[in-house]
Amino acid sequence: MTRHIQNRIKIREKQGGKCCYCLGPMVLSDKPPWKQPPNAETLEHLRRRADGGRNNRDNIALACKRCNEERGGMDWLMYTSYRRGELWELISGCKDF
């Protein structure tokens, strides 16, 4: 078993098989990316590689395909708050803002 697979298994166990953003359950898929279901497990760089993120353990999480594709260039923490509905709670609580 390669180190890459071992690390992915550790991350999956740490996250309980759930997406790091929406907390939905994920499935393993051996289909090509364009045929995978929205809840297929994907590797996610929390700090995007385009923004200088690296491939180290501290920057990798597992996300469902939907969240991974939908996040785009949004900061990972902001996107997490958005997917979990926390962002709207924060905004609605700041009526004087």
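Here are the numbers for this structure:
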| quantity | calculated |
| --- | --- |
| Rounded to whole Å, sorted largest first: equivalent-ellipsoid semi-axes of the chain, Cα gyration tensor | 26, 15, 13 |
| Structure-based [θ]222 nm, the chain - -39500 (n - 2.57) summed over DSSP H runs of at least 4, per residue, nearest 500 | -10000 deg cm²/dmol |
| Over the chain, relative contact order from alpha-carbon pairs under 8 Å, at least 6 apart, % | 25 |
| Test item: Cα-centred dipole of the chain, Lys/Arg +1 and Asp/Glu -1 on Cβ, debye | 440 |
| Net charge dipole size for segment 1-54 [Lys, Arg +1 and Asp, Glu -1 on Cβ; Debye, nearest 20] | 200 |
| Tally of Lys pairs whose C-alpha atoms are under 30 Å apart, taken over the chain, 8 or more apart or cross-chain | 12 |
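None of the figures in this text is laboratory data; all of them are computed from the coordinates on show. Just so you know, these numbers come straight off a predicted model, no measurement behind them. A quick note on method: Cβ atoms are made from the backbone with ideal geometry, for glycine too, and the neighbour counts reach across all protein chains shown.
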